[in-house]
Amino acid sequence: MRIGVLAVQGAFIEHIQMISNISESYDEEIECFEIRQAKDLQNIDGLILPGGESTVQGKLIKDLGMFDSLHKMIQDGLPTLATCAGVILLARDIENDATHHLSTLPVTIKRNAYGRQLGSYMTNASVGDIKDYPLVFIRAPYITDVDSDVKVLTKVDSNIVAVEYNNQIGLSFHPEMTKDDRIHRYFIDKIISTKK
């Protein structure tokens, strides 16, 4: 299994470390690597879009010739885990912003929803069937609207912060910034079930 992490900007190394730490507990060999250019998109089974600066990431995937391939791969069913800025890349609409990136996830998202000056905060909540998960928010967005076929996994203070839609998992928070590997394991299990 090959899982690529978009590594043009942002918190990608933490995702790679998390996957690497849990890979030995699976029967199948799991390779997790950095996606830095278009040729790195070949033969991947899963994709992680990390946190960072969505405007910069959105520009770079176009400048580096990755946009069309990424869009097609996600639309065609490539299992994709997106965190913080990554969800903004996936979102169909960005509130109060005409910018569109990959637009594969039928949600509306609000950037910097908790305010630019808020460094971070942490709380615990269930994420789908994963109970008592530590949610780390860093200049986080949240989702303000979803299509009817989008599954809401988590709300915090009535705000949607985690969703799942077919092959895509979108999180406003940073699971890679915790020691809890259950979301990454859920993602790997999703890849395994897709390959069957």
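For the stretch 30-106 and the stretch 182-196, write down the distance between their C-alpha centroids in whole Å.
18
Tally the DSSP beta bridges in the stretch 2-195 and give the antiparallel ones as a percent, rounded to 5.
Working: 21 of 39 bridges.
Expressed as a percentage, antiparallel bridges in the stretch 2-195 total about 55.
Please go through the residue pairs LYS110/LYS151; LYS62/LYS151; LYS110/LYS179 and name each one whose alpha carbons sit more than 22 Å apart in this structure.
LYS62/LYS151; LYS110/LYS179
Taking the Cα centre of the chain as origin, sum charge times position over the Cβ atoms of Lys and Arg (+1) and Asp and Glu (-1), and report the length of that vector in debye to the nearest 20. Working shown, then result.
Working: 20 positive and 27 negative charges, 76 e Å.
For this selection, approximately 360 debye.
Return the loop-located chymotrypsin sites (Phe, Trp or Tyr not before Pro) in the stretch 113-196 (DSSP other than H, G, I, E, B) with at most 13 other Cβ atoms within 10 Å of their own Cβ; answer none if there are none.
Listed in order of number, the matching sites amount to none.
Given a Förster distance of 22 angstrom, what is the FRET efficiency for LYS72 paired with THR108, based on the Cβ-Cβ distance and rounded to 0.05?
Efficiency, from the Cβ-Cβ distance: 0.45.
With +1 on the Cβ of every Lys and Arg and -1 on the Cβ of every Asp and Glu, and nothing else charged, how large is the dipole of the stretch 57-167 about its Cα centre, in debye rounded to the nearest 20?
340
When you count, for each residue, the other Cβ atoms within 10 Å and take the mean per peptide, how do 179-185, 102-108 rank with the highest first?
In descending order of packing, they fall as 102-108, 179-185.
Throughout, read-outs are computed from the coordinates displayed, never taken from laboratory work. Treat the numbers as computed from the prediction; the structure is a model and nothing was measured. A quick note on method: Cβ atoms are made from the backbone with ideal geometry, for glycine too, and the neighbour counts reach across all protein chains shown.
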